[in-house]
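To start, the structure itself, in structure tokens.
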Amino acid sequence: MKGVYFSANDKVYDWAVAFLESFRAFNPTLPLFLIPFDNQCNRVFALANEYRFQIFTDSAFTQLEEVGRKLELGLTATGPNWFRRFAAYWGPLETFFYLDCRTLVLCDLEPILDEMLVSGFDLLHYDCTIDQVYQPGRFRVGLLRSSRGRGFNSGRWASKRGILSLSEFEVAADECTQIREQLNPRNTDQFLLNYCCDMKGLRTTSISDLLGDMCCAGWARQPGMVYWDGGGYRRWDHGGIDHRKRVPLLHWAGIPLSPNMPEAELFFSFRDKRLGSSAQAIRRMQRQFIRPLLRIKQAFRGNRKINMLWHNWKRQ
């Protein structure tokens, strides 16, 4: 069975609604499972019937969180919860996507899963930034010399059941503690998944490399803008490598929810889809009013001297 896992809790309820609206707009029948991020999920659970998803829980969540605690440096209080997503490898879906809920799904995902099966890859990823996985150093250089170390994002990937196991994650975590200073200080689940793929020699590639005509990255802060061409979403970035290419997924990792965030109106068009047209129009006007004020605030924060003065004042 093919399908998708996603993770969410009540803290990211608005993100979850937008994700679910976009997912069902392009994937009306594809099976969908929620991996609860923590125990605070009652509002998200209440969406299950409306958006036709099931809740996937597993006894291994506790062990996966323990794996996360081994690697955490105290920078992210919820870091161990991220590791629950790896239960997808022994869940009900044979071929699957895992997607964080701070994502809009802007295409039919089933053909991508089909192509992964036909091409024989073990994992497809989207967005690569090696500094977000491996620190500069001897370990990273060794990976690169052996044509490994792509450094892919762990918030959106496709894979197959059984490729990795709980025991493999536990062993890999113990190994990672021995080279912890050469791994990203914050993105614990991200470097662990990459480490497992690199050490096991799994066959991985990016969605864009495999399929073509797709943007190589889906971060909302990429250059250009996303537009609807009548048949799908594409990125307009004249002169850029992703110009007029399809946008299968768009995500806001590390970007707070705000009327001033990049591609805000696209996000809110899905978040507010359940509302009537009048309510949508009122909310749109409210965002238009507050957006200039937020841009002024952002300009002050982006000014190095003002930012330093602010932080010096706070420390006093």
Subset of segment 199-221, residues closer than 21 Å to residue 166 by Cβ and either among the polar types (S, T, N, Q) or touching a Gly at 6+ places or on another chain (Cβ under 6 Å) (or both), comes to 204
Could you look through segment 86-111, keep only residues that are buried (at least 21 other Cβ atoms within 10 Å of the Cβ) and part of a loop (DSSP other than H, G, I, E, B), and pick out the one that is farthest from the chain's Cα centre (by Cα)?
93
Across (1) under 23 Å from residue 164 (Cα atoms); (2) touching a helix residue (DSSP H, G or I) at 6+ places or on another chain (Cβ under 8 Å), residue 59 clears everything bar (2)
Flag for residue 243 being surrounded by 12 or more Cβ atoms within 10 Å (Cβ to Cβ) and either in a loop (DSSP other than H, G, I, E, B) or under 25 Å from the mean Cα position of the chain (by Cα) (or both)
yes
Filter result for the condition that a residue is more than 26 Å from residue 268 (Cβ to Cβ) and touching a Lys or Arg at 6+ places or on another chain (Cβ under 9 Å), over 60, 18
60
Suppose we filter 140, 150 for residues that are part of a loop (DSSP other than H, G, I, E, B) and in contact with a strand residue (DSSP E or B) (Cβ under 9 Å, 6 or more places away or on another chain); which single one remains?
150
Is it the case that segment 260-271 has a residue that's within 22 Å of residue 128 (Cβ to Cβ) and not polar (S, T, N, Q)?
yes
From 282, 296, residue being out of contact with any Leu (no Cβ under 7 Å at 6 or more places or on another chain), of a type in the set (Val, Ile, Thr), farther than 30 Å from residue 51 by Cβ and in a helix (DSSP H, G or I):
296
Hey, among the residues in segment 128-143 that are touching a residue at least 24 places away in the same chain (Cβ under 8 Å) and within 16 Å of the chain's Cα centre (by Cα), which one's surrounded by the fewest Cβ atoms within 10 Å (Cβ to Cβ)?
129
For segment 21-28, check the following and say yes or no: at least one residue is modelled with pLDDT of 95 or more and among the small types (Gly, Ala, Ser).
yes
Given the conditions (1) part of a loop (DSSP other than H, G, I, E, B); (2) touching a strand residue (DSSP E or B) at 6+ places or on another chain (Cβ under 9 Å); (3) touching a residue at least 60 places away in the same chain (Cβ under 8 Å), and given that residue 270 satisfies all but one, which numbered condition is not satisfied?
(1)
Please specify each residue of segment 4-30 satisfying the condition of being part of a loop (DSSP other than H, G, I, E, B), over 19 Å from residue 247 (Cβ atoms) and in contact (Cβ under 8 Å) with a residue 12 or more places away in the chain.
9
Which of the residues that make up segment 46-68 are in a helix (DSSP H, G or I) and either surrounded by 15 or more Cβ atoms within 10 Å (Cβ to Cβ) or touching a Gly at 6+ places or on another chain (Cβ under 8 Å) (or both)?
51, 61, 63, 64, 65, 67, 68
Go through (1) more than 13 Å from residue 100 (Cα to Cα); (2) touching a helix residue (DSSP H, G or I) at 6+ places or on another chain (Cβ under 6 Å); (3) not in a helix (DSSP H, G or I) for residue 35 and report which single condition fails.
(1)
Six or more apart or on different chains, Cβ under 9 Å: which pairs go from a residue in segment 144-156 that's touching a residue at least 12 places away in the same chain (Cβ under 8 Å) and at positive phi to one that's aliphatic (A, V, I, L, M) and not in a helix (DSSP H, G or I)? Could you list them?
149/133; 151/133
Run down 172, 253, 220 and say which single residue is touching a Pro at 6+ places or on another chain (Cβ under 6 Å) and buried (at least 18 other Cβ atoms within 10 Å of the Cβ).
220
For segment 230-240, how many residues are surrounded by fewer than 19 Cβ atoms within 10 Å (Cβ to Cβ), of a type outside the set (A, V, I, L, M, F, W, C) and either closer than 20 Å to residue 267 by Cβ or under 13 Å from the mean Cα position of the chain (by Cα) (or both)?
2
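The values are calculated or read from the model by the stated rules, or taken from the named source; none is laboratory data. Just so you know, these numbers come straight off a predicted model, no measurement behind them. So basically every Cβ, Gly included, is an ideal-geometry build from the backbone, and we count neighbours across all protein chains shown.
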